[in-house]
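A short write-up of the structure that comes next.
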Amino acid sequence: MKEKGKFIVIEGPDGVGKTTIINNLKKEYPSAIFTREPGGTKIGNDIRKILLYSKESIEKNSEINLFMISLQETTKKIIEPALKTGKIVISDRWYYSTQCYQFYTEIKHTKTPIIKHSNSNNLMRKYLKNYNIIKPDLTIVLQASWKTIMERINKRSKENNIDNFEIKDINFKKKVYEYYKYLSEFPNYDNIININTEKSIDLIIKNIKKLI
């Protein structure tokens, strides 16, 4: 009987070095299946274009459901079939990003991180159940200092076309940073490991390979 595969998610705020690390993992695991959220499937990529680059405003509930449809499409068409054949699946973001960007950042800043995490998690559970979204076997959260992240974001914004979330103001970015900083510390967030990205890329990849 073929051994079941493994579903691994790479998470973290913008500017943490996620793209560079995933590109290196593709070299280390050429037989693995790599996907992203939103995206991954044809429908998911169409949704990605709407969510990240549409100039038209989107109602909040519509936006959330589009993210969830993309997650569901990837779950059913890519991840579950690959796991049945024993493949490793590595995703650039998963539902933690949806929870962060759609729920956590909307909760009033006067609440403490643990209350905001609890409230956003309660909201997220309903959607995950309704859409039957698969849970990762391991989530690797990439971490860096706020100073490093802002330096990287500012440099990138001068070089590339940025999406609808990257143009958000500094307060939004701080909430995203806060979400990922505390993510692994709260109850009901199991199999989450932090990796410091302010080290050499070789050491970062070596540490991630130990986990995979």
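The values are calculated or read from the model by the stated rules, or taken from the named source; none is laboratory data. On a predicted model such as this, the values are computed, not experimentally measured, just so you know. No Cβ is skipped: glycine too gets one built from the backbone with ideal geometry, and neighbour counts run over all protein chains shown.
Restricting the stretch 12-51 to residues that are more than 14 Å from the chain's Cα centre (by Cα) and touching a residue at least 60 places away in the same chain (Cβ under 8 Å) leaves a set whose member that is farthest from Ile192 (Cα to Cα) is Leu51.
Residue-by-condition table, conditions (1) touching a strand residue (DSSP E or B) at 6+ places or on another chain (Cβ under 7 Å); (2) surrounded by 14 or more Cβ atoms within 10 Å (Cβ to Cβ); (3) modelled with pLDDT of 95 or more:
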site: Pro38; (1), (2), (3): no, yes, yes
site: Ile43; (1), (2), (3): no, yes, yes
site: Ile47; (1), (2), (3): no, yes, yes
site: Ser54; (1), (2), (3): no, no, no
site: Lys60; (1), (2), (3): no, no, no
site: Ile79; (1), (2), (3): yes, yes, yes
site: Lys84; (1), (2), (3): no, no, yes
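Only residues that are of a type in the set (A, V, I, L, M, F, W, C) and either over 12 Å from Tyr177 (Cα atoms) or assigned to a helix (DSSP H, G or I) (or both) were counted in the stretch 136-150, giving 5. Ile78 passes every criterion in (1) over 27 Å from Ser184 (Cβ atoms); (2) of a type in the set (Val, Ile, Thr); (3) not in a loop (DSSP other than H, G, I, E, B) apart from (1). The residue that is modelled with the highest pLDDT, counting only those in the stretch 144-182 that are aliphatic (A, V, I, L, M), surrounded by 15 or more Cβ atoms within 10 Å (Cβ to Cβ) and farther than 17 Å from Ile115 by Cα, is Ala144.
For the stretch 183-193, the set of residues classified as modelled with pLDDT of 90 or more and either surrounded by 15 or more Cβ atoms within 10 Å (Cβ to Cβ) or among the aromatic types (Phe, Trp, Tyr) (or both) consists of Ile192 only. Among the residues making up the stretch 86-102, those that are out of contact with any Gly (no Cβ under 7 Å at 6 or more places or on another chain) and part of a loop (DSSP other than H, G, I, E, B) are Arg93, Trp94.
Cβ-Cβ distances below 8 Å connect the following pairs, each with a first residue in the stretch 198-212 that is within 19 Å of Arg152 (Cα to Cα), a second residue that is surrounded by fewer than 15 Cβ atoms within 10 Å (Cβ to Cβ) and among the small types (Gly, Ala, Ser), and a separation of six or more residues or different chains: Glu198/Ser145.
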